[in-house]
1. Any idea how far apart B:Cys439 and A:Ile53 come out in nm if each label point goes 7 Å out from Cα toward Cβ?
2. Label points 7 Å out from Cα along the Cβ direction at B:Leu56 and B:Ser359: separation in nm?
3. In 5 Å bins starting at zero, report the fraction of Cα pairs in the range B:54-124 per bin as a rounded %.
4. Using only the Cα atoms of the range B:180-276, what do you get for the radius of gyration and for Dmax, in Å?
5. What would the Debye formula give as log10 I(q)/I(0) at q = 0.13, 0.18, 0.21 Å⁻¹ for the alpha-carbon point model of the range B:330-393, no solvent?
6. Where does the protein assembly as shown land on Rg(C-alpha)/(2.2 N^0.38 Å)?
7. Report, ordered by chain and residue number, the aspartates and glutamates lying within cross-link reach of B:Lys312, taken as a straight Cα distance under 14 Å and ignoring same-chain residues fewer than 8 apart.
8. For B:Arg308 and B:Arg401, compute 0.36 nm times the residue count separating them, minus their Cα-Cα distance, and round to one decimal in nm.
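Derivation of every value follows stated rules applied to the coordinates shown; laboratory data play no part. Fair warning: this is a prediction, and the values are worked out from it, not measured in the lab. Don't worry about glycine lacking a Cβ; one is built from the backbone with ideal geometry, like all the others, and counts go over all protein chains shown.
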Amino acid sequence: MGLGDELLTEEERAILETVSQFRKKELENVALEIDETPEPEKISDLFKSAASIGMCSCLSCASGGASAGLSELTLGLREIAYASPGFAVLILSHNVALLALEHTSKDADLGAFGRGEKRAAFAASILKGEGTLEAGIVPGGWNADVIVFHVFDDAFVYPVEKTDARLKLEKIENPLGFRASLPARAWLSVAQHVEGGTEISSEFSETLQCALLLGLASVASGITRRALDVSHSYAKERYQGGDYIIGHEQMRIYLAEMALGIQISDAAIQHAKDVWMKRGQALSACKAAKCAASRFAMSSALNGVQIHGGYGYMRDYGTERLMREAKYCQSYPKAEQEELLDIVGIFPERVASQRAAGRDLCKGGF
Amino acid sequence: MEIPSGEIRLAGERILSEFPMLEHFNRSNSKAFENIAKTVKACADYGRRHILPVALRLDEKLKDEHDYFPWELVRAALPYRLLSLIIPKIVGGQGGLAVLFSLAMEELCAYCPGVGNIIGAHALGIAPLLVCGSITYWEKILREIVCEEKKGNPVLMAAAVTEPSAGTDVEEPNFLKTARLTMSAKKVKGGYVLNGRKCFISNGSVAKYIVLCSATDKSRPLETWTTFIIQKGMDGFTVPRVEIKMGQRVCPAAELSFEDCFVPEENVLSFEGTGMQPGTLLLLAASRAPVGAIATGIARGAYEWFLRWANKSRNGVKPASRQRVQMALAEMKTRIQVSRWTYLNAAMSFDSSMGRAMSSTLLRSLGLIPDSIRTSEIYLNLFNSRLGKRVSGSILSLYAREDEITRALAFASLAKAVGGDTAMHVTSLALEQLGSDICEERLWIEKAFRDAKLTQIYEGTNQLNMLTLFAAEIGKNLRVEMGKLKERHV
């Protein structure tokens, strides 16, 4: 149980405890290694272990409904990201892709994906010209069995097997962040825009986007928590300037800002979850949660490195990793400024629709 | 390497267009300005021809082979005379001071801050010899660096101050009093015996000479902080570890270990106990502006790659046509320009005091003495004697007054902090704008982002630099400042 977890339900506490055990027993001791040299076999073994506690089918229909699924996704990813944000993003990408697969191929047996025997990856894409879908960063893309391409707000998803001749993959060598997710750059040639695609509703496109953004917000929250904990520990041990670091006011302010970041990130994530459960649509809330949480993750990681001084910059101490991962949280799947513009773009529509419905705008919230 | 005069003139025009503050240099001392233009041009040529083609590959290689050192790249710098930029002319160097060196750093670091830091750390090792006025070591070490540079053999230097349990503490007098030091220098007959460790020492594993600070009495560190010259290969001195860094990987950060390492008396710079005041403080006043310039160079490099990205068409649209990208570019440009002003202001402040000392008649007249005499044992022993050290120390303090150095240190600390924050902000902003676009420019900007963070940490964390600024500029004059405010408010 950590900061801000006081109001968790029994069910949520149980989820957190289960994932926490996985993190401590299996992930913590290899987290640095899979960031530095992410061996596909190692990642596969971890993935299967994560599947055994239900983390690879959080949003699946069989997992107990959307409410439990969302909590699993957000709390589980947060806990995994505490040790390895890259691996958490791999799990997230798989879950979003699996959600799309379940929705579009209802009769297919997807049990192997939930058990961790097969892996899926979600490719947030852009349409390049008329003939190609392109995804700059596909977490989990390099070793996935199936990649699901989707251009947000478009009416199609494109699930493709790894062996599909239309698919082109390029391993991203030594990216700044998300290394443990074995990310790839991916292209899918579709002679015509709709070829090989499965039609989906705009609501489902929004659902996919919400899941991805909420998951990223949770990963970011995990980074902030880690930054606070390691910095706090170090500040209590390291003597500098005539006192332990924690005795210096400015350092305590940095730590307090991290704690503030956790509270606000969690509140934003919870708000987005609530909106999603009540209304079924929560895109602006999910975007806001992702932007807020990733900003705090970034500033916390930067201050975390600063508190550690020279040691924070060295690989062996693990703090610099948080800074690199946080940056990718901020800029994936697209530029933060684009997300902000989207939020603003959605807002006037909501205002207009609420006005049309005669609702009191002041009571509705955002 | 001879640079055609036309190219020097063009480089000078470019510098003046970007640094209008330097116009007075051009007017008052056109020769000095020409030297600056020549140096910046040399750095740009070296960067384009030698650093640019290998920087990314080297960074990648060093991720796994962190104790590899690119000697071939350092050798390629020798024709450009980059190892003798701040070495006085009387021993054959370029005679540059903080302004020249800062501009050189910005230029190099726009290509690769790791390579820039090799040159920077080397200069950091040279600087104590200059600011302590150690004429003997000018002749012994600096002359060797120049001679070997001309022959194509790089001789590198380093400065070792940070200790495993004392980083910030050893860069500030008040903090040093309570520092938990692990390194000690015990006085013995004919010299000192060093024991302990230094860490994160840039160039530490490749330098031939290392200027090292240690207390001779750990219970009175401030009063006994002393500067020694260590030579590679001394008995008891080893380099057990080279760190694996997030960025600036080309420049090795090494741990240095000393076990009963005997250092002869004549290897003490100035006198025992002068390591912090004036030693380290003078050194920081000299070096923090160039660190601000290193950071500015990183920001400029990231800006230039980002500009290139913004002008490439994607799906028929150039990112630069988007207002958010235009605003980001404008913000980057603004921050870089502000950062330049602050480091240049600090460098000029330092040069105005130390520059007078370095160009004093007395020091220049030493250059008239024939080399055969200046390299003789009698001459070297004279300047390394107590009397010789006192005389050279007096000359320096005559020109470089304490209040001027304090002010220069305050400006330098400001420049360093502003530069570090600029580098982080600009690289971070550029990456945010890129989103998920994987492209060549991204590789450079990601590298710059990793490189940038170190500029907020080394040479004293930015927080320490802010405290130094407060102490030197605000705290010291608090009563006076408050008095002025009172008058204005009444």
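1. The answer from the label model is 4.1 nm.
2. Simple spin-label model gives 4.3 nm for this pair.
3. 4, 15, 25, 25, 15, 9, 5, 2, 0
4. When restricted to the Cα atoms of the range B:180-276, Rg and Dmax are 13.4, 44 Å.
5. Each listed q maps to, in turn, -0.58, -0.78, -0.91.
6. 1.03
7. B:Glu304, B:Asp437, B:Glu440, B:Glu441
8. Between B:Arg308 and B:Arg401, full extension yields an extra 28.8 nm.
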